[in-house]
Each structure stands twice: as C-alpha cells, then as structure tokens.
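Nothing in this text is a laboratory measurement; each read-out follows from the coordinates by a stated rule. Since the model is a prediction, treat every value here as computed from it, not as a measurement. FYI the Cβ positions are ideal-geometry reconstructions off the backbone, even for glycines, and counts take in every protein chain you see.
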Amino acid sequence: MKMLVIADDFTGANDTGVQLAKKGARTDVLLRDGSAYNRHADVIVVNTDSRACDALTAANRVSKAIAGLLSAMDAPLIYKKIDSTFRGNVGAEIAAAMQAVHARIAIVAAAIPAAGRVTLNGHCLVNQIPVHQTEFASDPKTPVATSRIADLLAQQASLKVQELYLEQVRSPDLDQTLKLLAKDEPTLVVVDAVTEEDLQAVAQAAVRLDCRYVLAGAAGLANALPCSAYLTARAKLPMLIVAGSMSEATRRQVACVSQQENLRIVDIEVQALLGSEPHRQVDELAGIAARILHQRQHCVLRTCRDERDREQINTLCEQWQLTRQALGEIISQRLAELTLAILDRAQVGSLFLTGGDIAIAVARILNAQGYRIAGEIAPCIPWGTFTQSDIDDLPVITKAGGFGSENILREAICYIEEMYSEAK
C-alpha cells in the first residue's frame, strides 16, 4: 500500500480515487473508519463523512482514520482530499493530517482546471468568478465566506500559511522553494494552478521532497501525480506457497522447484508450532519469509521434507494427547496465522495453498466469504480469488495434497507470471 487518501465525503472519495484507478492502481474506498481493507491495494481511500461536522469533530475523525491504518502501512503518501470550492473543515482536517504523520509541510492545490476551478493569486475562482460570489457562498451546510484560501485555512488551523503565486509555480526553482519552506515551522502552502501543467509541476516537485509532507487537493492534483507515487508494479511480485500437506506428492513437488534460482524454501518444524511459544515461532518465521519476498523471490513454506517428518505425526499425537484430526486443525491454524503475518509484512503476487485444511484455515483468517473460481492451472487445480476477503483480488491457487504432477509448482509460477505480464 503506497497511498492513503482521506476524504470528507463519499462522492469526493470516489472522484479522487478514480484518477488513480484509471492509471492502474488497485484503489479501495472504505465507507467508514475501521472497515476491512485489501492488504494488496495500492491506494486506500477513507471517507470520514466530516464535511458538515464541526471543526473539532472533523479533525478527530481524520486523526483516527490515519492512526487506524498507518501502523499497517509502510510510510504511505498521505493525500487529504479537499473540496475544490473549500467547503467544509479544510483547515482543521489538513492540520490534523499533518499532525498525525508529523509532516513539515502541506501543499494545498485544490484546482481542477478542466472543471473551471482554479487558484490564482491565492484565490479560489470558479469559472473566473471568486468562489464567495458564486452559489457556494450560500451552500446550505457549508457556505464559503471568502475566496482567499489563506484566510479560509487560518479560520481553522493555527499554522503558518504561505502562498506561492503562478510565477513561482512555473519557476525552475519550485523544488528548492518547497524544500526551503519545509525547513521552517510546519507550514500550509497554497499554490496557484490554472492549467493541468501547473498541477503536474506542483505534484512532481512535491514527490521530490525529502521530508514528511501532506498533499491536500481535489481530483485535479490526484490526476497530476506521477504513477510512481502510488502504483506498485505487479509483474515482479513473488508467489507465497504454503505447502502444508504432508503427502508424498506435495513433498516431491516442492523438491522439484527447490533448485530454482528465484525461489527459497522456509522449513517449518511442526513441533515448534505446538510448543509453549507458538506465536513467537510464527513471528520469527514470518520475518524470514518476508525478507525472502522483499527480495522478489518466491517463497515456499514447507512442513514435510522427508518420510521422517510424516512419521513424526503419530509421536506428536501421543506427546500432546491429540487425535490426528485435532493435531491437523492446530497445525492448519498456525500455518494460517503465519500466512497472515507474512501478508502483513510483504507484498505477494499470489498465494498457492496445498491441502484442504490449510486452504480453508487461510480463507477464514483472511475473512473470506467464498472462493470465486477464475480458471484452471492444471487438471483439478483451480485458481481464483477469496471473495470479500482481506486480500480481495489476489490470485489464489488451491491444490489437494495428493494432486498434480511433480512440475506443478513451476507451472503455477509461470502461469501467474504470464497472467500479470498480459495484464500490464
């Protein structure tokens, strides 16, 4: 996840989100704070529904929304979606977003030139008319009293406000100007923009900043952002293979790919998953697997290396006084927890789950409501997606333990890589 957009109403969330989605970003709009989200989305858009609230409530909703998602995201770009006519609690919400991520600067660019909404000399104009002289001045919920953006922001935010006029935006020194402003006290920077090119110049200068910043804009600035700011390349994302089955077929399939250069195997001691500190073991294994995946290598979680591992099951049942079924359920649950921990730490291009117990345990821990079949990798080995799950449209391959040729893992990796290449 590379970008978090905080909007104050639903339609605004959508009209900004679509600017990113149309360029290929996986973009999810959450209808409320705390909703489940797709861990593999490029962009998460949260609707705080705070435009008509009082300023304090609006700021609290923004703070809560960011805090609720930030811990699960790796330093995402924060985009505070604001109304292009500055209705609502714009100053309070931008200030709250800055405080939540300790930003030095917020760049405020609400212009949408294609819709006749521009910023000129620090003023918001709608079809060349100052916004406070338009119908937005008498908005029934959030009337706009002035067209000078700095004054609107100062009504709700006790932060320094700086204006950059058109000649500064179009200057080759824009990068340096923003960097100097970011070294000062926390500052709101209102930038002029009357064309799409102006917004592109602002967006490109912003993403080159070497400090924490917040972008505050409408659909226009979102559309101007370079794709690298929010789009994750998918074709190179690795596969996570959870080989939980102890069948001889699965063991041979893993052995067949063990020498593949772009693949690493993480061996799991089943005994450790049953010990007094299983969660510590899960955490350690997740860290190992995540490091492999970060290197863009496929990762196999293996529970059975040879016949001795299979024979150990009877011993473990006696030791822990469990039936084979009960032991299998515990192992499946631990492997599901491990899978979830890995997905929280690393991006993967697809999941390959062997063994029915493993597949259903992973589906449940990801809150899946079903499995939508999309195709077949090989006879009786489907691929599809877990519906309404935490990983949404991530391809998931399921395989019964005893099914498939010895080359099935290699075939699956090639199949998914080709599928992503065709989608690019």
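Computed over Cα pairs, the Kirkwood radius of segment 187-273 leads via Stokes-Einstein (0.692 mPa s, 37 °C) to a diffusion coefficient of 183 µm² per second.
Exposure proxy for Thr85, Thr354: other Cβ atoms within 10 Å of each Cβ, ordered fewest to most, give Thr85, Thr354. Going down the list Lys22/Lys141; Lys81/Lys160; Lys2/Lys81; Lys2/Lys183, which pairs span over 27 Å between their C-alpha atoms? The pairs that break the limit, which is 27 Å between Cα atoms, are Lys22/Lys141.
Ranked for footprinting exposure by Cβ neighbours inside 10 Å, fewest first, Lys80, Lys64 give Lys64, Lys80. Sorting Asp28, Asp267, Asp54 by the number of Cβ atoms found within 10 Å of their own Cβ, with the fewest placed first, yields Asp54, Asp267, Asp28. Give me the percent of Cα-Cα pairs in segment 317-424 that sit more than 23 Å apart, rounded to a whole number. Percentage above 23 Å: 32. Other residues with beta-carbon under 13 Å from the beta-carbon of Thr187 carry, at +1 per Lys or Arg and -1 per Asp or Glu, a net charge of +2. Based on a Kirkwood Rh over C-alpha pairs, give the Stokes-Einstein translational diffusion coefficient of segment 33-165 at 37 °C and viscosity 0.692 mPa s in µm²/s. Reported coefficient: 208 µm²/s.
At q = 0.10 Å⁻¹, work out log10 I(q)/I(0) for segment 3-229 with the Debye formula, treating every Cα as an identical point scatterer and leaving solvent out; two decimals please. Taking Cα atoms of segment 3-229 as identical point scatterers yields -0.38. Divide the volume of the convex hull around the Cα atoms of the chain by the residue count and you get 152 Å³ per residue. GNM on the chain, alpha-carbon springs under 10 angstrom: the most fluctuating residue among Ala58, Ala243, Ala272 is Ala272.
When 1/r is averaged over all different Cα pairs and the result inverted, which Kirkwood radius in Å belongs to segment 242-365? 14.7 Å is the Kirkwood radius here.
Kyte-Doolittle mean at least -0.5 and Cα extent at least 20 Å along the axis: which DSSP H helices of the chain qualify?
Passing helices, by number: 55-70, 278-294, 324-345, 408-423.
GNM on the chain, alpha-carbon springs under 10 angstrom: the most fluctuating residue among Leu340, Leu152, Leu180 is Leu180.
Exposed loop positions in the chain were taken to be GluC sites (Glu not before Pro) whose DSSP state is not H, G, I, E or B and which have at most 16 other beta-carbon atoms within 10 angstrom. Between these positions, the longest stretch is 1-260.
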